[in-house]
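Down below is the structure, laid out as structure tokens.
Only the coordinates and a few stated rules stand behind these numbers; no lab work does. Every value quoted in this text rests on a predicted model; they were computed, and no experiment measured them. Positions of Cβ are generated from backbone atoms using ideal geometry, with glycine treated the same way; all protein chains shown enter the neighbour counts.
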Amino acid sequence: MSISPFFHGLNSAYQAEMDDLTSDSEGKDVLRQRLAVKRKELSFLRQMIEISPEMVAVVFNQAFQFKRPSVMEDLVSRESDELPDWDTLADTVVLQPWAQVLAQEILKEPMGEWLMTVAAGLEYLYAKPGKPVAPAHDAGDDDDTDAEDAGEHNDQDQSDDPFSDADDDEGSARRREEAGQDWMEAQGFDRKDR
């Protein structure tokens with residue numbers, strides 16, 4: 001799967017945001033509670049659509065059902081200004097009933113359709129098991145060997161059905177956790193695993 005630089009960078013930020021929401025300082029899983037709070041703050045978050053779309057997109061975590069993965073893979077290969085209109089995804093993406101009210105609020109904004117398309121792309125990348133996405137800490141050019149190694153690893157893992165390898169789900173979760181820990185450490189926080 002080819003991922004545009006736009007979605008690659010935004011996906012790293014989205015994963016970091018999700019990692020931040022997932023557990024509290026004691027390591028307890030608080031994702032549901034924190035997402036509920038974020039969803040109640042939507043009127044405030046709407047102001048961030050243009051500058052930090054990943055912080056708004058998290059309110060749609062687990063809100064989408066993807067009927068045609070090939071359309072989503074095409075979407076995440078596009079740059080920000082090449083994204084299809086939200087309406088064109090109607091046959092491809094189904095919103096969960098609970099998320100439709102949130103979507104109606106977002107769609108009132110000038111960039112609401114763009115955000116909905118971006119949110120669908122980010123959630124597709126986040127939820128896809130075995131996704132060949134570089135970890136959040138691979139943002140610099142000085143880490144080219146890690147990116148090449150990740151590409152080689154992903155080429156070996158791909159099969160006719162990328163959703164069939166349960167071991168890869170566990171590996172993806174582990175890599176996301178490690179990437180989140182690396183990111184937190186880079187921000188000056190202590191690692192949880194130390």
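Once both labels are positioned 7 Å from their Cα atoms along Cα-to-Cβ, the gap between Ile51 and Val94 label points is 3.8 nm. Residues whose amide H falls under 5 Å from that of Ser4, counting only those 5 or more places apart or on a different chain, are Ser77, Arg78, with hydrogens built in the peptide plane.
How would you rank 113-124, 49-60, highest first, on the average number of other Cβ atoms within 10 Å across their residues?
Numbers: 113-124: 23.9, 49-60: 19.3.
The densest-packed peptide leads the list: 113-124, 49-60.
In sequence order, segment 30-39 has phi-based couplings of 10, 4, 4, 5, 5, 5, 4, 5, 4, 5 Hz under the Karplus curve 6.51 cos²θ - 1.76 cosθ + 1.60, θ = phi - 60°, and Gly or Pro positions carry x.
Each of Phe44, Phe64 has some number of other Cβ atoms within 10 Å of its Cβ, and from fewest to most they run Phe44, Phe64.
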